[in-house]
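Peer 1: Sharing a structure with you now.
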Amino acid sequence: MINWTLYKRGIRESWKMLAIFAAVITMYFTIIISMFDPALGSALNEFAKAMPELMAIVGMTPATAELVSFLEAYLYGFIMLVFPMLYCILSANKLIVRHVDRGSMTYLLSAPVKRETVAFTQMKVMVTGLFALVFYATLLGLVNCEISFPGELNIRKFILLNIGALCLQLYVGGICFLSSCIFNDSKYALGVGAGIPVLGFIIQMMANAGKELEKMKYATFFTLFDSEGIIAGEPDAIWGMIALCAGAMVLFSSAIVVFSRKDLHI
Amino acid sequence: MSVCEIQGLIRDYGNGRGVFDLSFAIHQGEVFGFLGPNGAGKTTMIRHLMGFLKPEKGYCTIGGMDCWKDRADIQKTLGYIPGEMVFFDDMTGLEFLSFMAKYRRIKSNGRTRELLDRFELDARGKLKKMSKGMKQKIGIVAAFMHDPEVLVLDEPTSGLDPLMQNRFIELMLEERARGKTILMSSHMFEEVERTCSRVAIIKNGKLVALDNVEALKAAQARKYVITLEDEDAAAAFAGEGLRVYEVSHNQVTVIVQSNIKELLSVMNRYPVINILTPNQSLEEIFMQYYGGGRS
């Protein structure tokens with residue numbers, strides 16, 4: 001079901017992009033964690049008090065003064081949503097539709113390798129990158145916190161938070177990958193594959209912003225990743241994670257089926 | 001025994017584009033030419049053979065297997081040269097060939113080396129920077145390196161210089177001698193007549209002729225434009241009973257099928273200044289297959 005030659009090539013092609021995202025995440029994690037001050041409340045909290053609306057839009061309103069809650073608010077409301085999402089969009093586009101659009105898919109399919117295998121392998125490449133990115137962030141958070149504030153971090157909750165973020169990003173990846181498999185033209189694949197998650201994210205920001213708009217949260221799948229709920233230990237937050245994960249599986253399976261059955265003008 | 005069979009194949013893109021009710025069979029050990037002008041539906045047909053497109057109606061098989069359902073199995077013993085060479089740009093030629101070998105799960109053999117030598121190809125450069133001819137050579141090597149039983153070649157000599165075209169034709173003849181079955185598309189009769197035993201001619205998606213090369217050669221009509229001294233001579237020349245296509249001023253255009261001697265003897269008796277053969281389209285060459293020309 002997987003072609004290792006293609007997989008290796010995919011990984012080799014992705015690592016540069018992953019390294020850039022990892023570097024960006026490293027920068028944000030290091031800066032933001034250094035701003036945490038358990039005694040006085042951090043500088044960021046001062047910002048949150050000064051301009052509550054703006055900070056709320058990007059989800060930066062910590063529920064408690066705990067370190068894990070601080071990370072949730074300042075890293076998992078924006079940074080850890082946007083950058084892995086960007087990775088999904090770019091990676092999905094590069095792995096399938098770009099080959100179809102340019103014509104290099106010809107060579108992948110004029111060999112005794114099933115289309116299902118090609119699509120599954122490319123999906124594995126993308127998911128591997130996503131795992132690596134979230135795993136790296138988890139490790140980075142743990143190490144950073146343990147060095148600066150030993151013993152302060154609730155590790156179990158932090159890991160759960162990262163699993164939640166991974167579920168959300170798998171779902172985003174599923175959308176991008178399905179779109180990449182449906183369309184034959186990079187333009188459209190990118191339009192839909194990036195459009196849906198970005199729109200969902202904007203709706204979430206609007207729902208965060210104001211009381212009247214709060215109902216809009218039911219219009220976006222980002223709501224299923226309830227990071228505050230995960231920290232607070234609410235069971236609904238876990239169900240949201242499971243729903244995202246199941247949704248991702250449906251999206252990826254559909255993508256493989258669509259790619260295997262469609263006409264390719266290559 | 002037929003290795004490849006196309007039966008009632010239909011794909012309608014609208015506006016008369018596509019293929020319409022194509023049926024023919026290619027036998028074991030045969031080099032089959034698939035001839036047609038640009039846009040006639042050659043590549044569409046080949047995409048069906050490769051399992052890239054699902055037939056709207058009809059079916060095609062290779063080695064008894066359905067080209068859509070069993071496409072991955074068919075590929076085990078199939079070599080393909082696409083009409084357009086698009087590779088992975090970041091690779092060098094050698095990297096690409098070794099990628100394809102591993103991807104196909106074949107052991108690297110001396111065959112690749114031999115093919116590279118045969119086409120005098122230095123594949124160490126980046127694919128992105130290669131000329132059209134070099135890319136074409138890479139495509140040829142990739143299609144032949146696993147020693148396939150069936151070859152599907154979409155305008156395989158495009159971009160090659162005449163020397164390399166000859167090398168390629170030699171390669172095809174060798175493969176034919178080894179019992180390989182080859183389908184080759186082209187828009188030039190000259191290319192097909194040197195290698196193919198049978199030829200199908202397609203126009204606007206429909207099969208207009210399917211015959212032995214010899215029969216087609218006999219049907220081949222050539223145009224000659226003969227320039228005479230003056231208009232009177234041209235008019236008299238046109239009255240000699242040759243098949244005249246056009247008379248304008250002191251030029252007469254005649255169509256010659258197999259009666260070239262007759263033309264020569266007539267030309268001997270007239271003040272001929274010049275003779276030339278204009279480039280002809282396939283339609284013009286096979287006028288009777290296309291429903292006859294003007295006379």
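All of the numbers you see were taken from the coordinates with simple rules; none came from a lab. Note that the structure is predicted; figures quoted are calculated from it, not measured. Counting neighbours? That spans all protein chains shown, and the Cβs are built from the backbone with ideal geometry, glycine included.
Peer 1: Per DSSP H run of at least 4 residues, take -39500 (n - 2.57); add these up for chain A, divide by its residues and hand me the 222 nm value, nearest 500 deg cm²/dmol. Before the final figure, lay out the partial values.
Peer 2: On the way: 12 runs with 197 residues, N = 266.
When only DSSP H runs of four or more count, the value is -24500 deg cm²/dmol.
Peer 1: Can you count the Lys pairs in region A:4-261 with C-alpha separation below 22 Å, eight or more apart or on different chains?
Peer 2: Pairs that pass both the separation and distance tests number 11.
Peer 1: Using the C-alpha atoms of the protein assembly as shown, what convex hull volume per residue, in cubic angstrom, is computed? Please report the intermediate quantities before stating the final value.
Peer 2: Details: hull volume 112.7 nm³, N = 561.
Spread over its residues, the Cα hull of the protein assembly as shown gives 201 Å³ apiece.
Peer 1: Springs between alpha-carbon atoms under 10 Å, Gaussian network over chain B: tell me which of B:210, B:163, B:127 tops the mean-square fluctuations.
Peer 2: Top of the fluctuation ranking is B:163.
Peer 1: Moving to a separate point now. So which GluC sites (Glu not before Pro) in region B:120-172 are both in a DSSP loop and have at most 11 other Cβ atoms within 10 Å of their Cβ?
Peer 2: B:120
Peer 1: Counting each DSSP H run of 4 or more residues in chain B as -39500 (n - 2.57), what helix-only mean residue ellipticity at 222 nm follows after dividing by all residues, to the nearest 500 deg cm²/dmol?
Peer 2: On the way: 11 runs with 97 residues, N = 295.
Mean residue ellipticity, 222 nm, calculated: -9000 deg cm²/dmol.
Peer 1: Then there is this: Can you give the FRET efficiency to the nearest 0.05 for residue B:132 and residue A:198, using r as the Cβ-Cβ distance and R₀ = 45 Å? Can you show the working numbers first?
Peer 2: Details: r = 39 Å, r/R0 = 0.88.
Once rounded, the FRET efficiency stands at 0.70.
Peer 1: Under the Karplus relation 6.51 cos²θ - 1.76 cosθ + 1.60, θ = phi - 60°, what is the ordered set of whole-Hz ³J(HN,Hα) values for region B:173-187, x standing for Gly and Pro?
Peer 2: Going residue by residue, I get 5, 4, 5, 4, 4, 8, x, 6, 9, 10, 10, 10, 9, 6, 10 Hz, with x marking Gly and Pro.
Peer 1: To continue, here is another question. Which of B:197, B:258, B:248 ends up with the largest GNM mean-square fluctuation for chain B, with Cα atoms connected below 10 Å?
Peer 2: B:248
Peer 1: Another question about this same structure. Report the net charge of residues surrounding residue A:232, where surrounding means a beta-carbon distance below 14 angstrom and charges are Lys +1, Arg +1, Asp -1, Glu -1.
Peer 2: On the way: positive: A:156, A:157; negative: A:66, A:72, A:226, A:228, A:234, A:236.
Charge balance in the 14 Å sphere: -4.
Peer 1: Another question, if that's okay. Which percent, to the nearest 5, of DSSP beta bridges fully inside the protein assembly as shown are antiparallel? Could the numbers behind the result be given before it?
Peer 2: Numbers: 36 of 54 bridges.
For the protein assembly as shown, the DSSP antiparallel bridge percentage is about 65.
Peer 1: With no solvent and one equal point scatterer per Cα, compute the Debye intensity ratio I(q)/I(0) for chain B at 0.12, 0.14, 0.16 Å⁻¹ and report its log10, rounded to two decimals.
Peer 2: So the normalised log intensities are -0.84, -1.03, -1.22.
Peer 1: To continue, here is another question. Can you sort B:46, B:201, A:196 so the residue with the fewest Cβ neighbours within 10 Å comes first? Present the calculation step by step, with values, prior to reporting the outcome.
Peer 2: Working: B:46 22, B:201 25, A:196 17.
Ordered from fewest to most neighbouring Cβ atoms within 10 Å, B:46, B:201, A:196 come out as A:196, B:46, B:201.
Peer 1: Also: Give the dimensionless ratio obtained when the Cα radius of gyration of region A:4-261 is divided by 2.2 N^0.38 Å. Kindly include the intermediate steps, with their values, before the conclusion.
Peer 2: On the way: Rg = 19.2 Å, N = 258, 2.2 N^0.38 = 18.1 Å.
The reported ratio for this selection is 1.06.
Peer 1: In what sequence do A:4, B:68 fall when counting other Cβ within 10 Å, fewest first?
Peer 2: Details: A:4 12, B:68 20.
If I rank by nearby Cβ atoms, fewest first, I get A:4, B:68.
Peer 1: Suppose each label sits 7 Å from its Cα in the direction of the beta carbon; what would the residue A:215-residue B:253 distance come out to in nanometres?
Peer 2: In this crude spin-label approximation the distance works out to 7.5 nm.
Peer 1: When a/c is below 1.5 the answer is rounded, else prolate if a/b is larger than b/c, else oblate, so apply that to region B:80-148 with a ≥ b ≥ c taken from the square roots of the Cα gyration tensor eigenvalues. List each step's numbers first, then the result.
Peer 2: On the way: a/c = 1.43, a/b = 1.33, b/c = 1.08.
Judged from the Cα gyration tensor, region B:80-148 comes out rounded (a/c under 1.5).
Peer 1: Let me ask you something else. Could you please report the charge total around residue B:62, scoring K, R as +1 and D, E as -1 over all other residues with beta-carbon less than 10 angstrom from its beta-carbon? Working shown, then result.
Peer 2: Details: positive: B:71; negative: B:5, B:66, B:70, B:73, B:149.
For residues surrounding residue B:62, the net value is -4.
Peer 1: Can you tell which of B:182, B:106, B:74 shows the greatest fluctuation in a Gaussian network model of chain B with Cα springs below 10 Å?
Peer 2: In the Gaussian network model the winner is B:106.
Peer 1: Return the lysines within reach of residue B:180: Cα separation strictly under 16 angstrom, same-chain partners fewer than 8 residues apart disregarded; answer none if there are no such residues.
Peer 2: Once the sequence-local lysines are set aside, what remains near residue B:180 is B:76.
Peer 1: Counting other Cβ atoms within 10 Å of each Cβ, which GluC sites (Glu not before Pro) in region B:195-253 have at most 14 and sit in a DSSP loop?
Peer 2: Filter output for region B:195-253: B:229.
Peer 1: While we're looking at this one, here's another question. How crowded by other chains is B:75-85, given as the mean number of beta carbons from other chains within 10 Å of each beta carbon?
Peer 2: Numbers: counts 6, 2, 1, 3, 1, 5, 1, 6, 2, 4, 4.
Average neighbour count from other chains, rounded to a whole number: 3.
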